[in-house]
Structure formats: C-alpha cells, structure tokens
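*Asks:* Quick one: the structure is below, and I'll ask about it shortly.
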Amino acid sequence: MVKDAANLLRLVPCIYNNTQFYALEMGNGYIRSISDGAYLTNADGSMYELTETGQGGVMDGR
C-alpha cells in the first residue's frame, strides 16, 4: 500500500542478517519501514512513518 501512487518512491532493501529482512519505502517527504512483508505500525494500528514535518525532520524533499 503506497502512500501516494501519483508520486515516485524508492524501495530500499535492508538485510540485517540471515533471518531479518527489512525494506524502506521512501517517498516525497516520508519514510516507512517494512518487515516480513508488512508495514511497521504504531500501537493504535496506524502506519509508523517518519516525515519531514513530524518526527525529527528526516527529509527535506530535495
């Protein structure tokens, strides 16, 4: 489930070891984490994501 299919995104694999595989979905102003084929979620079930205006300002959109 891509956040916005109208914009390009990058999916980057991150292999931690032989049993742990992650991927990062990087889009316009956000990053989401995927583990074992599912998006990581918050305690309330909403998708966990880092955004340029929220949690730490990790992206500047350039």
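Coordinate-derived values only; no laboratory data. A quick note: this is a predicted structure, and the numbers were derived from the prediction, not measured. Glycine gets a Cβ as well: all are built from the backbone with ideal geometry, and neighbour counts include every protein chain shown.
*Asks:* Quick one: 3J(HN,Hα) in Hz for region 19-31, Karplus 6.51/-1.76/1.60 with θ = phi - 60°, rounded, Gly and Pro as x.
*Replies:* After applying 6.51 cos²θ - 1.76 cosθ + 1.60, I find 10, 10, 10, 10, 9, 10, 9, 10, x, 5, x, 8, 9 Hz.
*Asks:* I've got another one for you. Suppose R0 equals 22 Å. What FRET efficiency, 1/(1 + (r/R0)^6) with r the Cβ-Cβ distance, do Ser46 and Tyr22 give to the nearest 0.05?
*Replies:* Numbers: r = 19 Å, r/R0 = 0.86.
The pair Ser46/Tyr22 has a calculated efficiency of 0.70.
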